[in-house]
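Participant: Can you keep this structure in mind? I'll have questions shortly.
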Amino acid sequence: MKKTLLILAVMLAANFSFAQMSEKFVKAMEAKVPAVDTTFTPENLVELGNSFERIADAEKNQWLPYYYAALCNVNAGILMVGSDIMSAKSEKTDPFADKAEGLLNKAEALSKDNSEIFIVKKMIATLRLMGDPMSRYMTYGPEAAEALAKAKSLNPENPRVYLLEGQDKFYTPEEFGGSKSEAKVLFDTAIKKYEAFKSETSIHPTWGLPATKYFQSQIK
């Protein structure tokens, strides 16, 4: 009985979400959302982020386009870092972090206590850390960890939590707590969570599965 009531509640929530969205808005978003998983250059991510921002500015009461615009900008900044993670490059990465944070603040004003928003908060803190790892670790390391823990507490079934946890273990040197074997376990968990994950609507976040499979394939 409880399970049936829960399913009904989820269905009602999904229907309410769609009722709050215009057909024009949904179609505009559906044309852009899949590109989040298939855009791999800073320039194209910025362009995609700008498209989401234009949609957000036209709607103003929808958190999703602000969220995706923030995600695109933080991903663009992360790609700017490249493989030279330990070198300071804050003059390149901070503008992306600043832009993403401003957009995400607008999303959070429209959707409080949202696991997906805390996922991107974690990514922004990580990007700020990557801008100057030696001097920023004590500030942005804990901030990133706190945001990810909050994302997990809000929705333990969110697969993107385990993707980011796995990436942290993958990239962190073993002497500082990293572990490829632990990363693989987290990526395996993320894939299982993706298989079970049900998106609230066609334009709510589902991104990350291709990245998870890629990282999983890099661990023998």
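What follows draws every value from the coordinates through simple rules; no lab data is involved. The shown structure was predicted, so the numbers you read here are calculated from the model rather than taken from an experiment. When we count neighbours, we look across all protein chains shown, and the Cβ atoms used for this are built from the backbone with ideal geometry, even at glycine.
Participant: If R0 is 35 Å, what FRET efficiency do you get for ASP37 and GLU174 from their C-beta distance, rounded to 0.05?
Facilitator: On the way: r = 30 Å, r/R0 = 0.85.
E between ASP37 and GLU174, to the nearest 0.05, is 0.70.
Participant: Might you report the magnitude of the Cβ-based charge dipole of the chain about its Cα centre, with Lys and Arg at +1 and Asp and Glu at -1, to the nearest 20 debye?
Facilitator: Numbers: 27 positive and 28 negative charges, 125 e Å.
About 600 debye.
Participant: Counting alpha carbon pairs within less than 8 Å and at least 6 residues apart, what relative contact order, in whole percent, applies to the chain? Each step should come with its number before you reach the end.
Facilitator: Working: 285 pairs, mean separation 37.2, N = 220.
After rounding, I find 17 percent.
Participant: How do 168-179, 37-48 rank on mean C-beta neighbours within 10 Å, highest first?
Facilitator: Working: 168-179: 13.1, 37-48: 15.4.
Order by mean packing, descending: 37-48, 168-179.
Participant: Also, I was wondering about something else. Once you sort the root eigenvalues of the Cα gyration tensor of segment 156-220 as a ≥ b ≥ c, which label holds: rounded (a/c under 1.5), prolate (a/b larger than b/c) or oblate (the other case)? Present the calculation step by step, with values, prior to reporting the outcome.
Facilitator: Values: a/c = 2.59, a/b = 2.22, b/c = 1.17.
Prolate is the answer for segment 156-220, as a/c is 1.5 or above and a/b outweighs b/c.
Participant: A further question follows. Between ASN50 and SER199, what length comes free when the chain is fully extended (0.36 nm per residue of separation minus the Cα-Cα distance, one decimal in nm)?
Facilitator: Here the answer is 51.3 nm.
Participant: Which value at 222 nm does the chain reach when only helices count, each DSSP H run of 4 or more adding -39,500 (n - 2.57), with the total divided by all residues and rounded to the nearest 500 deg cm²/dmol? Please report the intermediate quantities before stating the final value.
Facilitator: Working: 10 runs with 162 residues, N = 220.
Taking each H run of at least 4 residues, the total per residue is -24500 deg cm²/dmol.
Participant: I'd like the distance separating the alpha-carbon centroids of segment 35-56 and segment 160-220, in whole Å.
Facilitator: Cα centroid to Cα centroid, the span is 22 Å.
Participant: If I take every Cα pair under 8 Å that is 6 or more residues apart in segment 156-220, average their sequence separation and divide by the length, what percent do I get for the relative contact order? Mind showing how you got there, number by number?
Facilitator: Working: 67 pairs, mean separation 24.0, N = 65.
So the answer I get is 37 percent.
Participant: For segment 30-105, what does the relative contact order come out to in percent, with C-alpha contacts under 8 Å and a separation of six or more? If you can, show how the numbers build up before the last one.
Facilitator: Values: 78 pairs, mean separation 23.6, N = 76.
Computed over segment 30-105, the figure is 31 percent.
Participant: Cα atoms only: what Rg and Dmax, in Å, come out for the chain?
Facilitator: 17.5, 56
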